[in-house]
Number of protein chains: 2
Amino acid sequence: MPKKVFQSVAIIGVGLLGASLGLAIKKRKLAKQIIGIGRPGSSSLKIALKLGAVDQIATDPAAVAQCDLVVLAVNVGLFPQIFRQIAPDLAPGAIVTDVGSTKQEVMRWAARNLPRRVVFVGSHPMAGSEKRGPRFARGDLYQNALCLICPPKIRGKNPDRCHQAVDRVENFWKSLGMRTHKIDPVLHDKWVAAISHLPHAAASALVLHAMAGHPEAFIAVAGGFLDTTRIASGDPAMWTDIFLTNRRALLASLKDFSRILRELQNAIRRDDSAAVNKFLTQARQNREKILHDCTVGSKKKVK
Amino acid sequence: MPKKVFQSVAIIGVGLLGASLGLAIKKRKLAKQIIGIGRPGSSSLKIALKLGAVDQIATDPAAVAQCDLVVLAVNVGLFPQIFRQIAPDLAPGAIVTDVGSTKQEVMRWAARNLPRRVVFVGSHPMAGSEKRGPRFARGDLYQNALCLICPPKIRGKNPDRCHQAVDRVENFWKSLGMRTHKIDPVLHDKWVAAISHLPHAAASALVLHAMAGHPEAFIAVAGGFLDTTRIASGDPAMWTDIFLTNRRALLASLKDFSRILRELQNAIRRDDSAAVNKFLTQARQNREKILHDCTVGSKKKVK
């Protein structure tokens, strides 16, 4: 039987990511018990319990008191409020982490709102789906994917405790079959702006443009449009939080993206076949390089 | 045995689209013979012959003389030259069509370069792949997809001949398992700018932005980025021709796309959560509507 990485894990928010995490922990027997915490009346809690993603459910944040690991798996915008709610009840030495998509503000909120007796380590497992809710949970969602980890700034007089907490969180994700990479939160936010948040914004804008101009054209929509815009079906509330907590990096990415598109517009306008070809060739070569370099969670998804 | 729709079909260019067309015609026994025409020394011709996508191969455009249907399946930019090359040898009453992605310029080139004894009907089967070459040909590539058809302007004194040619081309695509929709070339080009050419430009720009800013971020790339940018792996030469022959509509789409992104930028800049949420909600709702409305060739591809 594998060594328990944690005794008792609280998962706050049992949507797609939270419930998938519960399933993965259970499958690999990484904790003695998992408590799913959610809002009173939440149907997700009941579904997660029924799916076996959690062992117990609770609507009182005080349930974190018995846990040595607490994972936030709700929309990033709710983090400050949850940090404040759980702060009084967190056990000494507990580790708090998350699965949120932005890190700079999250790390700041954690430092401001969590007590010194716990350590917050930022986590961003690069796994997900445009689907939402525990109904779509999968025990292998995290497997083979990358988890970006943001260690906290060393506070107070016990750096060892911080380092140990980072190691334990890193081991936890590795035990779930993930690769890990430690990264500064500012750089993290720039990376994900480029490879995730800007693509989401672009996909959404493509849908809005097509719909505004020629909605009747949709009879002709094929696989290309659907693939390019798939992520635009993601949860708007979740993505609003992501966009607004990554404002600076996303605005910088949007600005550079617009510049690149303007260059293309200019090349097309002056009928500059060589410049258009160069633009497309560089894009293709770079994408082939990415396909070659990246190790994607679910190989079968790569086209 | 099914009725032959045409006796002898010439396919000029036996890459992915041309060779797939050959395979589909053969599978459904829609013609007595298929001649693949290509450049001297072209390896595609030999591969297409070996795959059984064509019965004969030729490098002399005069081979069209014996055909009652001629299909152009090369990059759109080569069309004027090919129209001029085949013009002297086309049989009286032959029908010429194509599988190109833009139609306004193509229809103009055909009207200018083809002799009056033939009829050109524009076709745009909405099927394809980012892959190129006959090696990736599939006999079911066109099946269940939509073919947009642009009837020619009635020239000379024989409108019946034009109508009959359009009917025969429409039947031809239907016999291959496609749905068809007749459309004016100007409107066609606006539709495809919105649902195909702009998405291609955006996908390419996303790759270029990510690569320019943080190439090391690619270790974290997941399914979302790869799906959103899949079409950026398309053939640059083919897409250069598409962009430049659809200049006006694509520039209009790029302009509107930039406007939509600017609105998002402004909403993010002023931390307007309601506006960002509205943007994302409308995008998601519209995409769900598209998924619901559109009938996509390959259902299994829809996510």
Per GNM of chain A with C-alpha springs under 10 angstrom, the most fluctuating residue out of A:Ile95, A:Ile12, A:Ile183 is A:Ile183
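Suppose a student asked you for the relative contact order of chain B, using Cα pairs under 8 Å spaced at least 6 residues apart; what percent would you report? Please list the in-between numbers first.
Values: 491 pairs, mean separation 50.2, N = 303.
Value for chain B: 17 percent.
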So what is the relative contact order for the stretch A:192-300, in percent, with contacts set as C-alpha pairs under 8 Å and at least six apart? 29 percent
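Of A:Arg247, B:Arg39, A:Arg269, A:Arg287, which has the most accessible area with a 1.4 Å probe, and how do the rest follow in descending order?
Numbers: A:Arg247 70, B:Arg39 170, A:Arg269 140, A:Arg287 0 Å².
Solvent-accessible surface, decreasing: B:Arg39, A:Arg269, A:Arg247, A:Arg287.
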Of the candidates A:Ile242, A:Ile260, A:Ile86, which one comes out as most mobile in a Gaussian network treatment of chain A with C-alpha springs shorter than 10 Å? A:Ile260
Just the number, please: carbon plus sulfur as a percent of the accessible area of the protein assembly as shown, 1.4 Å probe, no ligands or DNA/RNA counted. 52 percent
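Need the full-extension length gain, B:Asn171 to B:Lys29, defined as separation in residues times 0.36 nm minus the C-alpha distance. One decimal, nm. It would help to have the intermediate numbers written out before the result.
Working: separation 142, 0.36 × 142 = 51.12 nm, distance 1.39 nm.
This chain segment gains 49.7 nm when fully extended.
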What does DSSP give for chain A in terms of the percent of beta bridges that are antiparallel, rounded to the nearest 5? 15 percent
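Tell me the net charge near A:Ile47. Cut-off is 13 Å between Cβ atoms, A:Ile47 excluded, with +1 for each Lys or Arg and -1 for each Asp or Glu. List each step's numbers first, then the result.
Numbers: positive: A:Lys46, A:Lys50, A:Arg132, A:Arg135; negative: none.
With Lys, Arg at +1 and Asp, Glu at -1, the net is +4.
What net charge is computed for the residues neighbouring B:Gly38, neighbours being all others with C-beta under 15 Å from the C-beta of B:Gly38, Lys and Arg scored +1, Asp and Glu -1? Could you put the intermediate results ahead of the total?
Numbers: positive: B:Arg39, B:Lys46, B:Lys50, B:Arg132, B:Arg135; negative: B:Asp55, B:Asp60.
Taking every other residue near B:Gly38 into account, the sum is +3.
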One would report the antiparallel percent of DSSP beta bridges in the stretch B:89-237, rounded to the nearest 5, as 40 percent
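Net charge within 15 Å of B:Ala274 by Cβ-Cβ distance, Lys/Arg positive one each and Asp/Glu negative one each, not counting B:Ala274 itself?
So the surrounding residues net to -1.
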Can you work out the FRET efficiency for the pair B:Lys4 and B:Asp271, with r the C-beta to C-beta distance and R0 = 41 Å, to the nearest 0.05? 0.05
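Please compare each pair in A:Lys278/B:Lys131; A:Lys190/B:Lys289; A:Lys174/B:Lys131 to a cut-off of 26 Å on the Cα-Cα distance and tell me which ones are over it.
Details: A:Lys278/B:Lys131 19 Å; A:Lys190/B:Lys289 32 Å; A:Lys174/B:Lys131 35 Å.
Over 26 Å Cα-Cα: A:Lys190/B:Lys289; A:Lys174/B:Lys131.
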Loop trypsin sites (Lys or Arg not before Pro), the stretch B:94-191, which have at most 16 other Cβ atoms in a 10 Å radius of their Cβ (DSSP): B:Arg116, B:Arg117, B:Lys131, B:Arg138, B:Lys153, B:Arg155, B:Lys157
Among A:Ile82, A:Leu141, A:Gly177, whose Cα projects farthest towards the positive end of the dipole of the stretch A:38-195, with charges put on the beta-carbon of Lys, Arg (+1) and Asp, Glu (-1)? A:Ile82
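Place a +1 charge on the Cβ of each Lys and Arg in the stretch A:129-233 and a -1 charge on the Cβ of each Asp and Glu, then give the dipole magnitude about the Cα centre in debye, rounded to the nearest 20. Write out the running numbers ahead of the final one.
Working: 14 positive and 9 negative charges, 113 e Å.
Its charge dipole is roughly 540 debye.
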Zero-based 10 Å bins, Cα pair distances in the stretch A:200-252, whole percents: 22, 47, 24, 7
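Report, in cubic angstrom per residue, the convex hull volume of the C-alpha atoms of the stretch B:36-83.
On the way: hull volume 4.1 nm³, N = 48.
Hull volume normalised by residue count: 86 Å³.
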When the dipole is taken about the Cα centre of chain B, and only Lys, Arg (+1) and Asp, Glu (-1) are charged at their Cβ, what size is it in debye, to the nearest 20? 660 debye
Only residues of the stretch B:111-133 count here: report those whose backbone N is under 18 Å from the spot 7 Å along Cα→Cβ of B:Asp160, or say none. B:117-119
Do the sum for chain B: with -39,500 (n - 2.57) for every DSSP H run of n ≥ 4, divided by all residues, what is the mean residue ellipticity at 222 nm, to the nearest 500 deg cm²/dmol? -14500 deg cm²/dmol
Positive-end residue of A:Ile219, A:His163, A:Ile231, charge dipole of the stretch A:109-233 with Cβ unit charges: A:His163
Within the protein assembly as shown, percent of DSSP bridges classed antiparallel, to nearest 5: 15 percent
Per the protein assembly as shown, sqrt(5λ) over the Cα gyration tensor eigenvalues, sorted largest first, in Å, gives 54, 23, 20
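In whole percent, what relative contact order does the stretch B:128-202 give with Cα contacts below 8 Å and a gap of six or more residues? Please list the in-between numbers first.
Numbers: 47 pairs, mean separation 28.5, N = 75.
Computed over the stretch B:128-202, the figure is 38 percent.
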Computed about the Cα centre, the charge dipole of the protein assembly as shown from +1 Lys/Arg and -1 Asp/Glu charges at the Cβ has a magnitude in debye, to the nearest 20, of 760 debye
For chain B, set up a GNM with springs between Cα atoms under 10 Å and report which of B:Phe136, B:Phe243, B:Phe279 has the largest fluctuation. B:Phe279
With the other protein chains left in place, how much accessible area per residue, in square angstrom, belongs to the protein assembly as shown at a 1.4 angstrom probe? 41 Å²
Cα centroids of the stretch A:198-220 and the stretch A:108-169: how far apart, whole angstrom? 35 Å
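The values are calculated or read from the model by the stated rules, or taken from the named source; none is laboratory data. From a predicted model like this one, the values you see are computed outputs, not experimental measurements. Reconstructed Cβ throughout: ideal geometry from the backbone, glycine too, with neighbour counts over all protein chains shown. Ligands, DNA and RNA are excluded from the accessible area calculation, which covers all protein heavy atoms including side chains. Shrake-Rupley method; radii C 1.70, N 1.55, O 1.52, S 1.80 Å.
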